[in-house]
Amino acid sequence: MGLRDLRCKQPKKVKKNVEMMKIWSGQAQAMLFKAVLSVCLLVCLAASQDLSFRYNGFRSANLSLDGIAEITSSGLLRLTNDTKQEKGHAFFPNPITFKNTNGSVFTFSTAFVFAIVPELAGISGHGIAFVIAPTKGLRGSLPSQYLGLFNKTNNGNDTNHVFAVELDTIYSSEFDDINDNHVGIDINGLTSEESAPAGYHTNSSGRLANLTLASSQPMQIWVEYDGTQKQLNITLAAINMGKPSIPLLSVALDLSPYLLDTMYVGFSSSTGSVLTSHYVLGWSYNMNGQAQVLDLAQLPKLPRIGPKERSKFLTIGVPTISVSVVFIVISGLVYFIRRKRKFAEVLEDWERDYGPHRFKYKDLYIATKGFRDKELLGSGGFGRVYRGVLPSSKIEIAVKKVSHETRQGMKVFVAEIVSIGRLRHRNLVTLLGYCRRKGELLLVYDCMPNGSLDKYLMGTSCDSQRCQGCNVLLDGELNGRLGDFGLARLYDHGTDQTTHVVGTLGYLAPEHTRTGKATTKTDVYAFGAFLLEVACGRRPIERREQAEDAILLDWVFSFWVKGEIIEARDQNLGPDYIPEEVELVLKLGLLCSHSVPEVRPSMRQVLQFLDRDIPLPELSSLGLSASGLTFAHPEGFSDYAMSYPSSMNMAFSHSSSVAESLLSGGR
């Protein structure tokens with residue numbers, strides 16, 4: 001090989017060596033970087049294993065906060081505030097190594113001072129928890145009973161890897177809580193592995209002294225885990241005492257299956273429907289050692305609970321006086337309103353023309369002593385009747401309360417009442433006037449001191465079953481007067497008479513029950529029933545529980561068939577009666593009650609018969625015979641009672657028509 005060849009080959013060799021040196025240099029740098037990184041990791045690992053910190057207040061603390069958690073200006077860690085259904089978290093920002101190379105959890109210890117301050121004393125929600133979790137945020141967790149730790153889906157899941165010590169102030173049966181004031185150990189869920197009522201064991205006797213977590217007072221708690229002995233101790237105490245020697249909870253527990261290699265430590269809290277502030281005043285933590293003692297004197301103060309102290313006059317005197325004044329004012333207003341409502345009336349402009357015939361409800365209320373039952377004269381006609389004395393004139397009156405719910409035709413209704421009130425007749429009870437309230441009409445009459453004729457005929461006072469005798473009232477001299485004159489027509493003003501039958505069974509003519517129409521002939525029939533009632537001293541229909549109802553018309557008819565009609569008289573008459581007059585009344589009652597309307601006499605003829613101006617015809621010549629008894633019977637009464645139950649309560653509505661016939665007859 002020549003020199004030229006040697007010179008040509010040498011640069012190629014040098015170039016190759018240079019390239020080799022560059023490769024070796026890159027590999028060396030990579031190895032050096034890996035070595036430095038390994039050293040850093042080892043240093044960090046060692047540092048996290050021996051981590052220790054202490055916060056005597058959190059003014060300068062660098063914590064990771066979320067939810068409504070905040071650090072106040074005074075240095076308090078406030079996890080929740082006066083917001084409902086919220087949660088708050090506060091975590092140490094860096095992860096902490098919890099396991100050694102064998103997978104066992106290191107020893108750790110923590111102590112912190114907390115306070116649970118409810119807005120309303122004795123009512124709190126929901127609590128605070130010291131928590132070790134794989135993440136800082138605890139995403140998806142819920143407030144209220146879930147304490148910001150879990151939710152409905154993941155509560156109790158082994159994949160949570162969450163350890164917590166709860167300070168719970170709400171009883172939740174779904175999590176098997178022991179009460180509403182307890183300390184519990186939670187692993188992956190809110191059903192505590194172990195729990196105990198909040199309190200501490202005294203050093204002298206070991207007796208358990210209770211503490212109220214939501215007392216608004218600071219308390220201190222210690223959570224200590226021995227990684228060697230696999231023992232967890234939790235101790236609670238009031239702020240003004242040292243750490244008790246006997247823990248509240250002491251449990252043999254290996255946390256290795258539940259915690260990951262690196263975890264975060266911090267606090268979680270939540271509110272429900274009750275507003276509560278959860279505070280942490282100070283916090284101390286140590287891995288592989290005892291947590292440092294907190295300097296209680298340096299801890300921030302809780303905010304003032306309630307207003308500043310005031311003088312007794314301001315705290316007791318002013319409220320008492322204010323309440324008394326308000327009570328007096330309210331009582332006065334209530335009395336005024338009730339009195340106004342009690343005497344309230346319905347008065348429209350068109351009624352002012354009837355001034356003299358209108359009574360004030362207040363006067364009627366006073367006159368009847370508040371419509372007391374003691375002043376009740378009876379319940380007949382169209383309502384309850386009360387005795388009263390007008391306070392101004394001292395006139396004795398009778399007040400009838402009539403229900404009248406509808407406003408239809410009210411103007412005509414009142415006008416006709418006033419018109420009736422202008423009538424003066426010896427056989428009519430004088431209607432003095434009226435008063436109108438909502439849904440109620442009060443009619444004022446002259447008082448008939450001897451009550452109704454019904455009382456003397458039957459020996460009982462009138463009741464809610466209206467009858468003819470009940471509408472005949474007796475004055476102080478036992479003169480009969482007709483009550484409720486014209487009221488039936490007014491009460492049924494505007495109603496369809498083909499579908500609404502008003503009257504009492506026993507007084508209704510057969511055609512009246514079929515057609516529902518009242519005529520002068522149906523009035524004669526009712527008057528006939530009244531004649532029989534007076535002469536016999538019996539009701540037209542007498543109810544019997546064990547037997548068939550007794551019908552007066554059939555009973556009198558049976559005596560007439562036997563030729564002994566005089567035996568149907570009222571036995572209370574004794575011998576003091578004129579047989580011809582009694583027989584005339586009984587036969588005339590049967591004649592007026594004839595089943596054929598055309599056969600019944602007119603009211604003018606009835607008066608002539610009673611005055612003996614014309615002789616009474618023979619009943620047999622008018623077709624009234626034994627074979628005609630069923631025809632004369634008030635047909636359809638049983639069906640009518642089923643089809644028209646309202647008629648049972650609206651008796652003798654057409655007595656006014658009878659009276660009108662009497663008046664037109666010149667009597």
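Please treat every number below as a calculation from the coordinates, not as lab data. All of these numbers come straight from a predicted model, not from anything done at the bench. Every residue, glycine as well, gets a Cβ built from its backbone with ideal geometry; the counts of neighbours run over all protein chains shown.
Quick notes on this structure:
- Here region 224-253 is scanned for amide nitrogen atoms under 19 Å from the site 7 Å beyond the Cα of S204 along Cα-to-Cβ, giving 237-247.
- Here the Karplus relation 6.51 cos²θ - 1.76 cosθ + 1.60, evaluated at θ = phi - 60°, turns the backbone of region 512-520 into coupling constants of 5, 5, 7, 9, x, 9, 8, 9, 4 Hz, with x for every Gly and Pro.
- Rounded to whole Hz, the Karplus (6.51, -1.76, 1.60) HN-Hα couplings of region 318-334, x for glycine and proline: 4, x, 5, 5, 4, 4, 5, 5, 4, 5, 5, 5, 5, 4, x, 5, 4
- Tensor-based shape of region 204-284 (alpha-carbon gyration tensor, a/c under 1.5 rounded, otherwise prolate or oblate): oblate
- Spin-label model distance (nm) - D176 vs K517, 7 Å beyond Cα toward Cβ: 8.6
- Once backbone amide H atoms are built at 1.01 Å from N, T107 has G227, N288 as its partners under 5 Å, excluding neighbours fewer than 5 places away on the same chain.
- One chain, two ends: R54 and E564. Fully extended at 0.36 nm per residue, the span grows by 171.4 nm beyond their Cα-Cα distance.
- For region 91-96, 3J(HN,Hα) per residue [Karplus equation, 6.51 cos²θ - 1.76 cosθ + 1.60, θ = phi - 60°, Hz, x = Gly/Pro]: 10, 4, x, 9, x, 10
- Put simply, when 196-203, 141-148 are sorted by average Cβ atoms within 10 angstrom per residue, most first, you get 141-148, 196-203.
- The slack between D261 and L478, meaning 0.36 nm per residue of separation minus the straight C-alpha distance, is 66.9 nm.
- The amide H of T83, built 1.01 Å from its N in the peptide plane, has T276 as neighbours under 5 Å, considering only residues 5 or more places off or on other chains.
- Normalised per residue, the volume of the convex hull around the Cα set of region 52-298 (Å³): 116
- Spin-label pair V293-T135: with each label point 7 Å from Cα along the Cα-Cβ axis, the two points sit 4.1 nm from one another.
- Packing-based order for 608-620, 282-294, 67-79, using average beta carbon neighbours within 10 Å, highest first: 67-79, 282-294, 608-620
- In terms of its C-alpha gyration tensor, region 73-203 has a rounded overall shape, because the principal axis ratio a/c (a ≥ b ≥ c, square roots of the eigenvalues) stays below 1.5.
- Placed amide H near S215: partners under 5 Å, 5+ positions off or other chain: I116
- FRET efficiency, E194 to I316 (Cβ-Cβ, R0 41 Å, nearest 0.05): 0.30
- Taking label points 7 Å from Cα along the Cα-to-Cβ direction, V599 and V334 give a separation of 6.9 nm.
- For the pair D226 and K438, the difference between a 0.36 nm per residue extended length and the Cα-Cα distance amounts to 68.0 nm.
- Charging the Cβ of each Asp and Glu at -1 and of each Lys and Arg at +1, and nothing else, the dipole of region 95-168 about its Cα centre rounds to 280 debye.
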